[in-house]
Amino acid sequence: MAVARIYLSPGLFGFNQIGAYDYFQHLERELARRFGDAGLDARLHLVEAAPTASMRRRAGTLVAEMVRTAQPDDRIHLLGHSTGGLDARLVASKTTTLGDERLLRLRTQFRSVTTMNTPHYGTPLASFFATVSGQRLLWVLSALTVTALTFGAPPLALTSSLVAAFGRIDRLFGLELKMLDRITDAVVRALDEASSRDLRAYLAGMRDDQGGILQLSPESMDLFSMSVEDHPDLMYQSTASYAPAPGVRHWARSLASPWTSPSATIFTTLYQLTARQDRMYPCEPSSKDWDRVLIHLLGQVPAAGANDGIVPFRSQLWGKLVWAGQGDHLDVVGHFAGADGGHVDWMSSGARFNQQRFGALIDAVAEGILAADSR
């Protein structure tokens with residue numbers, strides 16, 4: 001019997017599962033509930049994509065998962081968070097082949113592409129991560145992301161190292177390999193044996209293949225936009241979010257616990273790096289029609305430097321914008337502070353994302369997929 005299959009692709013810092021922690025667990029649960037309430041026979045599949053590998057390699061992983069699981073009569077929906085949204089666009093585009101003839105058959109089954117906080121026009125942060133210092137910072141930040149999502153906050157023993165590694169932007173260029181090793185070892189010791197193995201493998205993959213980082217630069221995404229065309233028969237929808245610019249109130253709120261203070265420092269650094277725009281390669285669509293859409297959804301047009309800590313806000317705009325609001329890069333997939341359903345925060349961004357916003361976002365995404373599936 002034909003079913004709807006939804007493939008979930010993670011993005012930068014993304015992973016399928018490390019130990020007992022599942023990157024998409026909150027998004028998967030909420031989508032499944034809404035599809036069930038609507039009477040849709042849906043199967044959700046998590047795609048295991050190397051977090052910083054090239055988009056071509058990541059897209060190949062997505063194709064392989066569809067070949068393995070999809071039946072000829074099934075309807076296929078692609079959903080990607082961050083870089084995962086670009087993987088979905090690449091796979092769906094009729095202008096790309098990826099060297100796999102099986103993809104031609106699969107495309108006849110596609111119904112929709114959903115991108116969540118995806119850098120369609122690149123992100124300045126990728127340009128920094130492509131530097132030697134940036135690569136080291138990316139490695140540390142990824143390890144911290146895993147521990148923060150697993151424990152709710154990294155172990156307190158890491159706090160002094162965090163401050164030293166992330167304290168000021170001008171200090172980032174002095175991040176030493178010895179400090180990198182110390183932080184990584186401390187993180188691994190804090191995890192259980194199974195999680196430690198997964199984390200080491202995750203970090204090794206990130207260290208060995210960072211092709212995707214180069215491809216996310218604004219200059220590279222300028223070429224991507226010219227060569228990857230939307231499939232004319234598919235529904236494309238997007239979500240976009242931004243955090244408030246870090247300021248005095250942000251710092252005042254960050255004093256609540258030993259973790260939130262360095263967490264706010266880290267987020268401020270990421271926010272400031274992401275807010276840097278190149279005049280020749282702005283991370284935004286050329287059309288001004290988006291302003292009207294944003295005023296309708298938000299009542300305002302966010303400032304030029306607005307971002308979610310990883311991706312500029314306007315770089316996330318694509319297809320039909322079904323939800324927009326305040327939230328950081330991982331809030332939108334359910335990693336935000338709150339006791340409901342075991343949610344834990346990524347880091348202190350000041351966005352105050354909550355269950356109500358998450359519910360509205362999931363409602364909008366599910367509604368679009370359901371509409372596309374019924375066509």
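The values are calculated or read from the model by the stated rules, or taken from the named source; none is laboratory data. Every value quoted in this text rests on a predicted model; they were computed, and no experiment measured them. Cβ placement follows ideal geometry from the backbone for every residue including glycine, while neighbour counts extend to all protein chains displayed. All accessible areas refer to the heavy atoms of the entire protein, side chains included, with ligands and DNA or RNA removed. Shrake-Rupley method; radii C 1.70, N 1.55, O 1.52, S 1.80 Å.
A few comments on the model shown:
- Summing +1 for each Lys or Arg and -1 for each Asp or Glu among the other residues whose beta-carbon sits under 14 angstrom from that of ASP289 gives +2.
- Here region 283-375 has an Rg and Dmax of 14.2, 41 Å, counting Cα atoms alone.
- Over region 32-112, volume per residue of the alpha carbon convex hull, in Å³: 96
- Within the accessible area of region 3-120 (1.4 Å probe), percent carbon and sulfur: 47
- Each listed q (0.17, 0.18, 0.27 Å⁻¹) maps to a log10 I(q)/I(0) for region 68-138, found by the Debye formula over equal Cα scatterers with no solvent: -0.73, -0.78, -1.20.
- Separation of the ALA371 and ARG279 label points, Cα + 7 Å toward Cβ, nm: 4.0
- Net +/- balance of residues flanking TYR236 in space, Cβ distance below 13 Å, scoring K and R +1, D and E -1: 0
- Taking all protein chains together and rolling a 1.4 Å probe, SER225 ends up with roughly 40 Å² accessible.
- Simple spin-label estimate for THR69 and ASP363 in nanometres, 7 Å along Cα-Cβ: 2.8
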